[in-house]
Amino acid sequence: MAESSSTSHSVYRIDPLHGAEDYSVWKIKMLDILTDLGLEDYIGDTPPSDTTKDWKALSTIRLRVDNGPLVHISHAKKAQDAWKTLQNLYEAAGAIGVVSARRKLFRAQYDEGGNNR
C-alpha cells in the first residue's frame, strides 16, 4: 500500500495565540510545526522566494492565532511579515510586553503589615 504524500498539518493541535501572556510557549510550538512542515525558512531574515510555500507558512501561522492577534497580521502578504509583527507585539521586548510588565508592576501592592493585596 502506498503512503499518502499529503502533509500532516491537520494533526497539529496547539492553543491559539491570545497575546503576550502565552506568546513564548506558542512561538516554540509554532517553530516546531513550521520546521516539521519544512517552512521554517519563510519566517527567517531572508526567506526563499517560493510563493506557494510562503502562503502555506502564512496560513499555518494565521490558523493558530486568536482573533485579537489575527487582526494585526490580517494584511500580511508574507509569513515573515506576520511572524515579525507578532514578535514585535508580544515578545517581552515588544510594546505589549513592556506595557504588560508595567501593569503588573503598578498593580503590585504591599501593606506595611505584611499582607499582600
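Selection of helices (runs of 4 or more DSSP H) fully inside the range 5-96 by the criterion of at least 1 residues being hydroxyl-bearing (Ser, Thr, Tyr) and at pLDDT below 95 returns 20-36, 79-90.
The residues in the range 17-26 that are surrounded by 16 or more Cβ atoms within 10 Å (Cβ to Cβ) and touching a residue at least 40 places away in the same chain (Cβ under 8 Å) can be counted, and the count is 4.
The values are calculated or read from the model by the stated rules, or taken from the named source; none is laboratory data. The shown structure was predicted, so the numbers you read here are calculated from the model rather than taken from an experiment. Positions of Cβ are generated from backbone atoms using ideal geometry, with glycine treated the same way; all protein chains shown enter the neighbour counts.
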